Structure formats: structure tokens, C-alpha cells
1. What are the residues whose amide H is under 5 Å from the amide H of V5, where those residues sit 5 or more places off or on another chain and H is modelled from the backbone?
2. Taking only Cα atoms, what is the 0 to 90° angle, nearest 10, from helix 280-303's long axis to the longest principal axis of the chain?
3. If one puts a single equal scatterer on every Cα of the chain and applies the Debye formula without solvent, what log₁₀ I(q)/I(0) results at q = 0.07, 0.09, 0.11 Å⁻¹?
4. For the stretch 315-332, what does the Karplus curve 6.51 cos²θ - 1.76 cosθ + 1.60, with θ = phi - 60°, yield as ³J(HN,Hα) per residue in whole Hz, taken in order and with x for Gly and Pro?
5. Enumerate the calculated ³J(HN,Hα) couplings along the stretch 376-393 in order (Karplus 6.51 cos²θ - 1.76 cosθ + 1.60, θ = phi - 60°), each rounded to whole Hz, writing x wherever the residue is Gly or Pro.
6. Excluding residues fewer than 8 places away in the same chain, name every one of the lysines whose C-alpha is closer than 23 Å to that of K419.
7. Taking the Cα centre of the chain as origin, sum charge times position over the Cβ atoms of Lys and Arg (+1) and Asp and Glu (-1), and report the length of that vector in debye to the nearest 20.
8. Based on the alpha-carbon gyration tensor of the stretch 307-376 and its eigenvalue square roots a ≥ b ≥ c, which shape applies: rounded if a/c is under 1.5, prolate if not and a/b is larger than b/c, or oblate?
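What follows is calculated from the coordinates using simple rules that are stated; it is not laboratory data. A quick note: this is a predicted structure, and the numbers were derived from the prediction, not measured. All Cβ positions, even for glycine, are placed from backbone atoms using ideal geometry, and neighbour counts span all protein chains on display.
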Amino acid sequence: MRVCVIGAGYVGLTTGTVLAEFGHEVYCIDRDEAKINLLNRGAIPIYEPGLTEMVMRNKKQKKLYFTTNTIEAVNKCPIILIAVGTPPCTDGSPNLTYLENVIDEISKYISSHKTIIIKSTVPPGTNEWVDEALHKKGLKRNLYDIVSNPEFLREGSAVSDMLHPDKIVVGVKRPEVIKTMQLLYQNINAPFIFTTLNGAEMIKYASNAFLATKISFMNEIARICDAYNVDIKDVALGLSTDPRIGSLFLNSGLGFGGSCFPKDLQALEHAAKQKNIIPEILIAVQNVNTTQINLYIDKLLQEFPSLKNKKITVWGLSFKPNTDDTRYSKALSLIEHLKTSGADIHAYDPIVTLNSSPPICHKDIYESIENTDALIIATEWDQFSKVDWKKVSELMRGNIVIDGRNFIEPYLLKRNNLKYIGVARP
Ligand code: UDX
């Protein structure tokens with residue numbers, strides 16, 4: 001099938017590349033000429049494991065093309081998949097301008113039937129609006145079908161998530177389009193969940209809101225555990241054996257970041273309030289997440305009443321491991337807090353280097369902790385669990401190690417004269 005993917009960001013680029021891998025002929029469009037030139041030269045603008053090789057392979061096999069020419073791609077392809085960004089506005093609602101612009105543009109070029117798939121995360125009612133907007137622009141209803149097909153890709157494992165999803169959610173207005181969606185995804189072994197356009201939009205928001213709720217719930221439990229000297233890891237293990245709860249997303253720590261959870265919670269809260277519903281749980285989930293960082297700052301202040309001129313090193317800058325994405329990163333929030341305290345802030349991340357200083361970013365993990373008073377681990381990069389703690393202990397001036405992700409074994413530090421500090425890690 002010929003597919004035109006509009007928006008070559010994390011979602012569009014990964015989706016388009018995997019669709020090409022499945023054997024489709026894919027045209028990825030982006031209005032950012034520099035990005036398209038980069039992709040055509042064989043470079044990938046993001047860090048996503050496995051993506052570069054797959055892009056190269058499919059480009060070479062002439063199944064994947066990158067272009068800024070929307071008109072040509074839309075004319076060629078019966079399937080148009082839209083994956084443009086929907087960043088948050090100041091009132092929490094997602095900014096739908098990019099989507100609106102795309103709809104406006106493609107409406108001018110549609111002269112044969114198109115299946116228009118919306119991957120972008122949008123509030124309930126948006127796909128219906130697109131359907132109506134195209135009609136109002138003069139397009140006959142038999143010229144297009146709108147499909148809401150939200151993505152559930154995690155950064156850092158997006159390629160594998162796209163190849164092996166646990167479900168494919170498809171919201172439709174007319175059942176006739178279901179066949180097209182089944183053909184598009186015929187290489188995937190996962191159940192389809194068919195629903196309405198609004199239903200698919202809600203599944204996406206509810207899914208992210210539920211996962212974020214699990215995290216904030218565990219962070220609240222960790223606060224109570226900390227007061228009663230209970231290890232949160234034991235509690236998480238105890239919960240995980242119950243299939244009704246499940247074992248994933250029970251890691252307490254600095255809280256959730258990234259481009260999805262914070263934005264989608266705000267958007268869902270906004271959508272609820274539009275209908276005069278006060279979403280009490282969603283509000284609490286966000287509050288716990290915002291204040292979680294204070295617990296770690298307080299632990300640091302218990303060791304150093306003043307942080308002025310203290311050298312503090314933060315390991316991990318991205319919002320989670322295996323990505324270069326720092327959007328809503330808890331590490332960056334932590335650094336912002338530290339900046340106000342007069343601390344001398346240093347940082348190390350396996351792939352991220354910040355352009356502005358402080359923090360001073362180091363290329364070498366051990367160099368980053370030379371003469372440091374305290375080390376804070378903000379992201380659970382695999383590399384951090386494999387360091388030589390004896391060497392760390394020798395290089396540091398102080399002995400404080402704060403584990404913001406509960407993933408280092410405390411005894412590894414203790415036997416090297418380092419003081420392990422976590423929340424609810426007695
Ligand atoms: C998320 C959803 O998982 C994905 O389905 C959706 O399409 C996009 O949003 P992503 O933001 O890439 O994916 O990362 P995810 O792995 O879900 O982690 C989100 C945040 O939660 C990270 O900051 C992570 O550190 C944090 N987290 C995750 C925890 O604090 N504890 C956990 O147990 C799990």
C-alpha cells in the first residue's frame with residue numbers, strides 16, 4: 001500500500017519506517033526542510049534504538065522516501081497518516097494548530113478517495129471535527145474516511161513497540177474502512193480494538209492517565225513507607241504478584257516526565273473541565289508528580305544545610321533511559337532547583353549534552369564526579385548500574401549518593417564507603 005506520513009517526528013518517523021519494513025511504500029513528509037535533507041543524507045534527527053538501521057535499509061530498498069512535497073505525496077497515496085505534534089498551550093489544552101494546518105493543506109489536493117489516519121494525540125471530539133472540517137471545505141464525504149488510530153510507542157523502545165504492539169486501537173465512522181486498516185497492519189500479530197472516533201481518542205488519554213496514576217500512587221505510598229522505614233521495593237514486589245495490579249509501572253522515584261504523560265494529563269483535565277467535570281484523581285496525580293522532587297531536595301538538605309559552593313553531580317539528563325529527549329525531564333527540574341541554592345552543578349548523560357551551563361556537562365562519567373560532594377542519579381541508564389563504585393568513592397570528595405530511580409543496590413555503595421540515600425529505601 002502507498003502511505004503518506006505527515007510529520008517526521010518521533011511518532012511519524014518510527015511509524016513510517018516500520019510500515020516500510022512491513023512492505024508498504026511510504027512517503028514521510030515534514031515541512032522542516034533541514035530535517036528532510038538530513039534524513040535524505042542518511043542521518044536520523046533523534047536517538048531511538050534500532051531506527052537508523054531500519055531507515056537506511058528501507059531507503060535503500062526504495063520503500064521509504066523523505067520529502068517536503070505534500071502535494072505529490074498526497075496525490076500518490078490513498079492512505080494519509082497524520083502524526084504532527086500537539087504541544088500544550090498555557091491553559092493545558094493541546095495546541096491543534098499543526099493538525100489544523102495539515103487538514104487545510106491536504107484538503108486542497110484530495111481528488112480521489114483517501115483514508116486519513118490521525119495518530120496525533122488529540123482530545124475527544126477532534127477527529128469528528130476533522131471529518132466535519134473537510135466536508136465544510138467542500139469535499140464530498142465519499143472522498144475520504146477519517147480513522148483515529150492512536151499510538152502507544154514508548155521513547156527508547158518505539159521501534160519494538162511498533163513491531164509488537166499489545167493492541168491496535170482503531171476508531172472509525174464507517175465500518176467499510178476497517179478492511180483498509182487490517183491490510184495496513186496485516187504484519188502485526190495483535191488484537192484490533194474497534195470503536196468510535198471519540199472512543200479511540202479516549203482510550204489513548206485514559207491509558208496514559210492510568211499509567212501516570214500508577215506512578216504517582218507508588219510515589220505517594222513511598223512517602224508513607226519512608227516515614228515508617230519500609231522498603232518500597234518490597235511493597236512493589238508484593239503488589240506485582242497480584243495479576244489485577246500487574247508488575248509494570250510500579251517504580252517510585254523522582255516521578256514521570258517526557259512529552260506525553262504531563263501533556264496528556266493536562267489535556268484530559270482540560271477536556272473534563274470543558275464539560276464541567278472536576279477530575280480529582282488526575283489533578284492529584286499531577287500534584288504528587290510535581291512535589292515529588294522536593295523529597296529528594298530535602299534529603300540532600302539534611303546532609304548539607306547549605307548547598308552554597310557544594311559540588312553536586314547529576315547523572316542522567318534525558319527524561320528516561322535510551323532516549324535523548326529532555327522534555328519535562330525530572331533531571332532538569334532538579335537542576336533548576338539546585339541552581340537557586342548556589343551549588344556548583346555538574347552533569348553526565350550517556351547521550352545528552354546541554355548547550356547552556358550550569359550544569360557543566362562532562363563527556364566522561366568518572367570525570368563528572370571528581371571532588372564532588374554528592375551524586376544524584378536522576379535517570380536509570382544501564383551504564384549507571386555498572387559503574388565501578390570503588391572508583392566513584394575514591395574520586396568523590398563526599399560520600400552521598402542519592403538514587404532518584406531506586407535502581408542501585410544499596411549494598412554496592414555501602415561496601416565502598418558511600419552513603420546510599422533514596423526515598424523509602426531504608
Ligand atoms: C508514554 C507511554 O508509555 C506510551 O504508551 C505513550 O505512547 C507515550 O507516553 P514514554 O513517555 O515514552 O511513553 O515513556 P514511559 O516509559 O511510559 O515513561 C514515562 C515516564 O514515567 C518516565 O519519566 C519514566 O521515568 C516514568 N516512570 C515509568 C516511572 O517513574 N515509574 C515507572 O514505574 C515507569
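1. It is Y27, C28, I29, L81, by chain and number.
2. Roughly 30 degrees, rounded to the nearest 10.
3. Results for the chain at q = 0.07, 0.09, 0.11 Å⁻¹ read -0.39, -0.63, -0.90.
4. Those phi angles translate into 9, x, 10, 5, 6, 7, x, 6, 8, 9, 7, 10, 4, 6, 6, 5, 4, 5 Hz.
5. 10, 9, 9, 9, 8, 4, 3, 3, 6, 7, 10, 6, 8, 5, 5, 5, 4, 4
6. Straight-distance partners of K419: K233, K299, K308, K310, K311, K330, K386, K390, K391.
7. Working: 48 positive and 47 negative charges, 132 e Å.
In debye, rounded to 20, the chain gives about 640.
8. Numbers: a/c = 2.00, a/b = 1.32, b/c = 1.52.
Since a/c reaches 1.5 but b/c is at least a/b, the shape of the stretch 307-376 is classed as oblate.
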